[in-house]
Amino acid sequence: MLLALVMASSALMGQEYNYVEASALTLTGKVFPDTPNPYHRIDTARFHGFTTQELSLVAESAGIAVAFRTDSPSIRVLPVYVRPYFGGGTTGFAGRGFDLYIKKNGKWMWAAAGLQNDNSLDKPVNLIKDMDTSVKECLLYLPVRSEMASVKIGVEDGYMLEPLENPFRHRVVVFGSSFTHGASTSKAGMAYPSILSRETGIQFLNLGVSGRCRLQDYFAATLCEAPDVDAFLFDTFSNPSPEEIRERLFPFIEALQAAHPGKPLIFQQTIYRERRNFNLKADEYEAGRIKVVADLMKEARRKYKDVYFITSTNATSPDHYTSVDGTHPGDYGYTLWARSIRKPVQRILRRYGIR
């Protein structure tokens, strides 16, 4: 049935487009589904303790995607930004753009990406045109580093636009660093939790907080309130110092286990950072942190039930071509990362009936 929630229509280049607010369709990838602004990841009026920077980060729409069906030959997006991203930590297509995938032969295939420049942010983004008019299942990722006030999906007048039932099953929260957030990706759907979702059909919910994932007690308290969680996957060792890890890891685990008893807590070893290749101090620091984590997680696995540690985390190719800045991988590196942990993560999840 056609959605009756057409919010606006426009005539551009002789073609009428009807627009529907994305939140009236199906939003996937959110840890907290009921935030007052549907494109925020945490309701910051409800949870407290965050710094100003962290408040900004959790308001960004990283990992959120819109699922819908349409037979329109073209698709547009009409965004309204609270805070568009123009920084250097990722591309414009990832930071403030939109990334479209369409189901083909049972798999999600990349279809289009688009963005506007700073002098045309109020204009529609032309994502794709000249498609056939068969009904298509679509998945549109929202910007990784921008805060959105509104996102409207536009299709040509006379064509269908309907919410698609959530294409992903279960709810696995991924809490982590800028790696999880999607730093240095080329487009919005290339953070490793998004890749895992498309390749497994399991819903990995992105709560990456660039540079600010340090096992803080207030983030633990927030995660304790996450609804209907089936499992947790953590990239929590990429930001904190060895001292912070020693001090905070066990209380973090205990808080989560008290709130979510019986749920698997899967921790990842941090990835190899390419800046270690020739920088001796960086190499020494990273090696020391990795050893501290390995020792603590060995103890944690003895001490706590339902705690797991993955050491296969890999975002580096044999030719060492995957890094953008010595810290963050590019798309190739994140794809390697997702595929390196896919089997171990799925083996653990299957023990808990998560398939």
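The values are calculated or read from the model by the stated rules, or taken from the named source; none is laboratory data. All values reported here derive from a predicted model rather than from experimental measurement. Note: ideal-geometry Cβ built from the backbone for every residue, glycine included; neighbour counts use all protein chains shown.
State whether the residues of region 38-57 include one that is outside any strand (DSSP E or B), surrounded by 22 or more Cβ atoms within 10 Å (Cβ to Cβ), in contact with a His (Cβ under 8 Å, 6 or more places away or on another chain) and at pLDDT 95 or above. The answer is yes; a qualifying residue exists. A count restricted to region 157-202 and to residues that are touching a helix residue (DSSP H, G or I) at 6+ places or on another chain (Cβ under 7 Å) and on the phi > 0 side of the Ramachandran plot stands at 1.
Scanning region 266-293 for residues that are farther than 17 Å from residue 252 by Cβ and under 27 Å from the mean Cα position of the chain (by Cα) yields 271, 272, 273, 274, 275, 276, 286, 290. One residue stands out in region 55-85 among those that are of a type in the set (A, V, I, L, M, F, W, C) and more than 19 Å from the chain's Cα centre (by Cα): the one that is farthest from residue 109 (Cα to Cα), namely 82. When we screen 119, 126, 166, 105 for residues that are under 30 Å from residue 260 (Cβ atoms) and polar (S, T, N, Q), the only hit is 166. Out of all the residues in region 211-244, which are in a helix (DSSP H, G or I) and buried (at least 24 other Cβ atoms within 10 Å of the Cβ)? 219, the sole residue that qualifies. Of all residues in region 58-79, those satisfying the criterion of being among the β-branched types (Val, Ile, Thr) and not in a strand (DSSP E or B) are 58, 64.
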